[in-house]
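Chemist: Provided herewith is a single structure, encoded as structure tokens, for subsequent inquiry.
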Protein chains: 2
Amino acid sequence: MDQIYALKGNIFYTPACGQLAIYPESYLVCENGRCAGIFGQLPERYKNIPVEDHSGKLILPGLIDLHLHASQYAYRGLGMDMELLQWLESNAFPEESKFADLEYAEEAYRLFTQQLTKSATTRACIFATLHRPATLKLMELLEEAGLHCYVGKVNMDRNSPDILRETTEESLEETRLWLEESARFVNNKPMLTPRFTPSCTDALMAGLGRLQKEFQVPMQSHLSENIPEIHWVSELCPNTRFYGEAYHQFGLFGGDCPTIMAHCVWSDKEERELMKRQGVYIAHCPQSNMNISSGIAPVKSYLMEGQKVGLGSDVAGGAHLSIFRAMTDAIQCSKLRWRLVDQNIPALTMPEALYLATKGGGSFFGQVGSFEKGYEFDAIVMDDSDLPTTRKCSLPERLERVIYLSDGKPCAKYVAGQRLF
Amino acid sequence: MDQIYALKGNIFYTPACGQLAIYPESYLVCENGRCAGIFGQLPERYKNIPVEDHSGKLILPGLIDLHLHASQYAYRGLGMDMELLQWLESNAFPEESKFADLEYAEEAYRLFTQQLTKSATTRACIFATLHRPATLKLMELLEEAGLHCYVGKVNMDRNSPDILRETTEESLEETRLWLEESARFVNNKPMLTPRFTPSCTDALMAGLGRLQKEFQVPMQSHLSENIPEIHWVSELCPNTRFYGEAYHQFGLFGGDCPTIMAHCVWSDKEERELMKRQGVYIAHCPQSNMNISSGIAPVKSYLMEGQKVGLGSDVAGGAHLSIFRAMTDAIQCSKLRWRLVDQNIPALTMPEALYLATKGGGSFFGQVGSFEKGYEFDAIVMDDSDLPTTRKCSLPERLERVIYLSDGKPCAKYVAGQRLF
């Protein structure tokens, strides 16, 4: 189906990390779901295409959330006086066990999908729970909403409460069925999701490694988030030198199939070298890392050493779905890290944070997160007229205000050329 | 004028730091602007008083903002990629100089007052600029709005751009005039406001010390916010052993007249001992301390050693007026401090943060910040029905969600018994 139209407004994107491209009151052309160019005036060949007029507003690439738990949305902002392992026991696991009930799952995932749709996020990599029917329901709801996500049925066969633990065989069989059944979705795709090493036996990990080879699907998990967690993993996997090896030994650490590792707060030199060699994506989740007292990931260092990095809300370790909030959290944490940990590593700047939230994380999805020619047409329109000020702001200033001050809700949103609202 | 009525709803307050009192669906009685008690059923003597029904909602003490710059509201969220001294030069000073123009000042302060009115803050300690007419205009607008604030005409006679510097004589004379003229306001009171030591000569400070004795007014300033600033002060005041002494030598550091010092990120042992001895209030402004790369104030230690502490938004070093946001920023920063700086000092808990935001800061205003009998009747009503979840939440959970997730806008607000909306 041929589709061609343009958006008019103030256009912003980050061609590279630290760069900010700004086109005042220009036309952004969408052709068959992809960006066809930005023009001050529409050229002759586009003269008669429909124009959606967002004059005066800000047009940005859709934001990318590389890590969040849809099944934890119900208790965002709760239990925040706890640390990771305690919080998992008392909050995350009891809530996630409810998703065995498909009716509850549908209600909870419908609410989540509505809220994600209203947000500035166009694409996300999402943890569901270990329940196959509920996970398929989530994918169905996201597909109906027009979002483009990766979704993972979670694997857990140890160190979990009875109501939230599979046998190894069951976990692998359910995963295979889910991979087969989810082939019916066009825009929402499955992603292997062993919860984290403490939840998965070696036999399960090895089986997932075989499934990945067979189905050629990407994989997501958690890595080096929290110091007690890291000690636990080194006890569970005495044959490994660092946490990342616990995945790598089963082929589940980048390479042929893309991998996202959430957090990487405490990754050491060897782990970082392996991540870089294997092209592993780092999902930086600063708010979660504060809420669960994990620490501050060295995200600027990761950028400097050429790692692949994006942002994650990590709902419900993070309380907010907004990736604008994740940007400012990332900047603020990087400033504290500079001040308190390592003054050789400068803080993140606003254009760098925007890059992480768009092209940085977007590249996991292919040509996503930019308005360069050929990129998939994910766009959000931000109206800053409800952020009153007596100051006459320049366009970069208006962008900074939207990032710091807006409620994160765009007034229009496009995913791969399709307008959601 | 006799005034008596009750609010009905779920009532929360913090009788002491770390304690949380909760009265499900109860009556909070206001008598002549003060709290007269909380009752499950209205007793006989109150049987016929009017009841404002907020059933199902949360009723909290009004929030207290111990430190913000009204004149910086226009550029909140801007220039956040800079550190303190650079940011003052390029953002704060140019904007503040505009307040020489009373017409601009009125426009800017009207917008600020509208936004503060809509917020959950009932009382604040506010920096204006050095301009007397503009400062009186701000006090007039706050008075009209029904807020109860302390406001300071700023003093600056050195190390400031020409357009934002008074002579010493002028500064003292304008301050005296302003103190006299502001006697006409009932609920909004003047507070001496030497910007910070680098901006004020010894002669100015000495003069302000004399004015304080004469007029018996409180005083606010900045203290030990940022490391380069502290070095600068030690150069400017070679006779002092620590920053606080630069105020104390002129009698401007607590004692008879209450004093608020914003930040205290890097106060050393001697400074802390002096603060405690003099009863100096610490305005903890965590978001500002992140944005301007200052660090993390040891607020939990301050509580443990018995200092007087409250929260500040520090707009525009902080980008958000919301003191709910200041609470979660304070908790998150305290967790990072525990993790990265000192594991002997635990993180702040949610009830402690609520205490700081209410009774902690409120005590600066007298009996303010609690619903105990005799306290001034400052209350906000929070409607959490727009924070959807599939979870059935307990009352403490609903409070935590409001603190973490709400936009900070109450649906009803009372100051000293007067309903603002």
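The values are calculated or read from the model by the stated rules, or taken from the named source; none is laboratory data. Model, not experiment: these values are computed from the prediction. Cβ coordinates were reconstructed from backbone atoms using ideal geometry, including for glycine residues, and neighbour counts include every protein chain displayed. Note: areas computed on protein heavy atoms with side chains; ligands, DNA, RNA excluded. Shrake-Rupley method; radii C 1.70, N 1.55, O 1.52, S 1.80 Å.
Chemist: Does A:K335 fit the bill of being over 16 Å from the mean Cα position of the chain (by Cα), within 14 Å of chain B (Cβ to nearest Cβ), in a loop (DSSP other than H, G, I, E, B) and farther than 26 Å from A:F253 by Cα?
Modeler: Taking the combined requirement at face value, the residue does not satisfy it.
Chemist: Could you check segment A:363-387 and list, in sequence order, the residues that are modelled with pLDDT of 95 or more, in a loop (DSSP other than H, G, I, E, B) and within 30 Å of B:P94 (Cβ to Cβ)?
Modeler: A:D383, A:D384, A:S385, A:L387, listed by residue number.
Chemist: For segment A:29-42, name all the residues that are assigned to a loop (DSSP other than H, G, I, E, B) and open to solvent by 30 Å² or more (accessible area, probe 1.4 Å).
Modeler: Of everything in segment A:29-42, those that are assigned to a loop (DSSP other than H, G, I, E, B) and open to solvent by 30 Å² or more (accessible area, probe 1.4 Å) turn out to be A:N32, A:G40, A:Q41, A:L42.
Chemist: Hey, among the residues in segment B:281-311 that are among the β-branched types (V, I, T) and closer than 22 Å to B:T121 by Cβ, which one's nearest to the other protein chains (Cβ to nearest Cβ)? Show your work before the answer.
Modeler: Within segment B:281-311, the first condition is being among the β-branched types (V, I, T), and the residues that meet it are B:282, B:292, B:296, B:299, B:309.
Checking which are closer than 22 Å to B:T121 by Cβ leaves us with B:282, B:292, B:299, B:309.
Values: B:I282: 19, B:I292: 8, B:V299: 14, B:V309: 19 Å.
The extreme case among them is B:I292.
Chemist: Kindly establish whether B:V368 is open to solvent by less than 10 Å² (accessible area, probe 1.4 Å), under 30 Å from B:A74 (Cα atoms), within 11 Å of chain A (Cβ to nearest Cβ) and in contact with a strand residue (DSSP E or B) (Cβ under 6 Å, 6 or more places away or on another chain).
Modeler: So B:V368 fails the test.
Chemist: With (1) touching a helix residue (DSSP H, G or I) at 6+ places or on another chain (Cβ under 8 Å); (2) charged (D, E, K, R); (3) farther than 15 Å from A:I403 by Cβ; (4) facing chain B (nearest Cβ under 10 Å) as the list, and A:D314 as the residue in question, which single condition is left unmet?
Modeler: Going through (1) touching a helix residue (DSSP H, G or I) at 6+ places or on another chain (Cβ under 8 Å); (2) charged (D, E, K, R); (3) farther than 15 Å from A:I403 by Cβ; (4) facing chain B (nearest Cβ under 10 Å) one by one, A:D314 breaks only (4).
Chemist: Looking at segment B:65-126, what helices (runs of 4 or more DSSP H) fall wholly within it and have at least 3 residues that are among the hydroxyl-bearing types (S, T, Y) and within 14 Å of chain A (Cβ to nearest Cβ)?
Modeler: Answer list for segment B:65-126: B:102-118.
Chemist: Sticking with this structure for a sec: Count, please, the residues in segment B:190-210 that happen to be free of Cβ contacts under 8 Å to residues at least 40 places away in the same chain and under 17 Å from B:I260 (Cα atoms).
Modeler: 1
Chemist: Sticking with this structure for a sec: How about segment A:43-75: which of its residues are crowded, with 24+ Cβ neighbours inside 10 Å and of a type in the set (V, I, T)?
Modeler: A:I59, A:I64
Chemist: Further question: Does A:G18 qualify as being assigned to a strand (DSSP E or B), at positive phi and at pLDDT 95 or above?
Modeler: On the way: assigned to a strand (DSSP E or B): no; at positive phi: yes; at pLDDT 95 or above: yes.
The answer is no for A:G18.
Chemist: Tell me, which helices (runs of 4 or more DSSP H) lie completely within segment B:241-311 with 3 or more residues that are over 22 Å from B:M191 (Cβ atoms) and open to solvent by 10 Å² or more (accessible area, probe 1.4 Å)?
Modeler: In segment B:241-311, B:269-278, B:299-304 are the helices (runs of 4 or more DSSP H) which contain 3 or more residues that are over 22 Å from B:M191 (Cβ atoms) and open to solvent by 10 Å² or more (accessible area, probe 1.4 Å).
Chemist: All but one of (1) closer than 20 Å to A:D314 by Cβ; (2) of a type outside the set (S, T, N, Q); (3) open to solvent by less than 10 Å² (accessible area, probe 1.4 Å) hold for A:I227; which doesn't?
Modeler: Answer for A:I227: the failing condition is (3).
Chemist: Right, something else. Determine whether A:L321 is open to solvent by less than 30 Å² (accessible area, probe 1.4 Å) and at the interface with chain B (Cβ under 9 Å from one of its Cβ atoms). Quick ask: steps written out before the conclusion?
Modeler: On the way: open to solvent by less than 30 Å² (accessible area, probe 1.4 Å): yes; at the interface with chain B (Cβ under 9 Å from one of its Cβ atoms): no.
In short, no.
Chemist: Failed condition for B:P351, given (1) touching a helix residue (DSSP H, G or I) at 6+ places or on another chain (Cβ under 7 Å); (2) surrounded by fewer than 24 Cβ atoms within 10 Å (Cβ to Cβ); (3) within 11 Å of another protein chain (Cβ to nearest Cβ), with all others met?
Modeler: Of everything listed in (1) touching a helix residue (DSSP H, G or I) at 6+ places or on another chain (Cβ under 7 Å); (2) surrounded by fewer than 24 Cβ atoms within 10 Å (Cβ to Cβ); (3) within 11 Å of another protein chain (Cβ to nearest Cβ), B:P351 misses just condition (1).
Chemist: Out of segment B:371-384, which residues are of a type outside the set (A, V, I, L, M) and open to solvent by less than 10 Å² (accessible area, probe 1.4 Å)?
Modeler: B:F371, B:F377, B:D378
Chemist: Would you say B:L395 is of a type outside the set (D, E), closer than 22 Å to A:A108 by Cα and more than 10 Å from every other protein chain (Cβ to nearest Cβ)?
Modeler: yes
Chemist: Scan segment B:385-404 for residues that are surrounded by fewer than 19 Cβ atoms within 10 Å (Cβ to Cβ) and out of contact with any Asp or Glu (no Cβ under 6 Å at 6 or more places or on another chain) and jot them down.
Modeler: Across segment B:385-404, the qualifying residues are B:S385, B:D386, B:L387, B:P388, B:R391, B:K392, B:C393, B:S394, B:L395, B:P396, B:E397.
Chemist: Is there a residue being in contact with a strand residue (DSSP E or B) (Cβ under 8 Å, 6 or more places away or on another chain), at pLDDT 95 or above and more than 29 Å from B:V217 (Cα to Cα) anywhere in segment B:344-361?
Modeler: Checked against the condition, which is being in contact with a strand residue (DSSP E or B) (Cβ under 8 Å, 6 or more places away or on another chain), at pLDDT 95 or above and more than 29 Å from B:V217 (Cα to Cα), segment B:344-361 yields no hits at all.
Chemist: Would you confirm whether any residue within segment B:202-217 is open to solvent by less than 40 Å² (accessible area, probe 1.4 Å), not in a helix (DSSP H, G or I) and not aliphatic (A, V, I, L, M)?
Modeler: The answer is no; no qualifying residue exists.
Chemist: Considering every residue within segment A:137-153, establish whether at least one is more than 26 Å from A:A379 (Cα to Cα), open to solvent by less than 10 Å² (accessible area, probe 1.4 Å) and within 17 Å of the chain's Cα centre (by Cα).
Modeler: Among the residues of segment A:137-153, at least one is more than 26 Å from A:A379 (Cα to Cα), open to solvent by less than 10 Å² (accessible area, probe 1.4 Å) and within 17 Å of the chain's Cα centre (by Cα), which makes the answer yes.
Chemist: Considering (1) within 18 Å of the chain's Cα centre (by Cα); (2) within 22 Å of B:R325 (Cβ to Cβ); (3) away from chain A (no Cβ under 11 Å), say which one B:A416 fails and leave the rest.
Modeler: The failed condition is (2).
Chemist: Would you mind telling me which numbered condition in (1) at the interface with chain B (Cβ under 9 Å from one of its Cβ atoms); (2) under 10 Å from A:L58 (Cβ atoms) A:T389 fails?
Modeler: Failed condition: (2).
Chemist: Spot the failing condition for B:R195; the list is (1) open to solvent by 20 Å² or more (accessible area, probe 1.4 Å); (2) basic (K, R); (3) closer than 26 Å to B:P228 by Cα, and only one is missed.
Modeler: That leaves (1) as the condition not met.
Chemist: Right, next: Please verify whether B:V402 is of a type in the set (A, V, I, L, M) and not in a helix (DSSP H, G or I), treating the condition exactly as stated.
Modeler: Judged against the criteria, B:V402 is not a match.
Chemist: Another question, if that's okay. For segment A:384-401, give me each residue that is hydrophobic (A, V, I, L, M, F, W, C) and either free of Cβ contacts under 8 Å to residues at least 60 places away in the same chain or touching a Leu at 6+ places or on another chain (Cβ under 6 Å) (or both).
Modeler: Selection gives A:L387, A:C393.
Chemist: Also: Looking only at segment A:362-376, filter to residues that are touching an Asp or Glu at 6+ places or on another chain (Cβ under 8 Å) and not small (G, A, S); which one of those is farthest from B:R325 (Cα to Cα)?
Modeler: A:Q367
Chemist: Do we have any residue at all in segment A:81-99 that's open to solvent by 50 Å² or more (accessible area, probe 1.4 Å), modelled with pLDDT of 95 or more and under 30 Å from A:D157 (Cα atoms)?
Modeler: Within segment A:81-99 (the criterion being open to solvent by 50 Å² or more (accessible area, probe 1.4 Å), modelled with pLDDT of 95 or more and under 30 Å from A:D157 (Cα atoms)), the answer is yes, since at least one residue qualifies.
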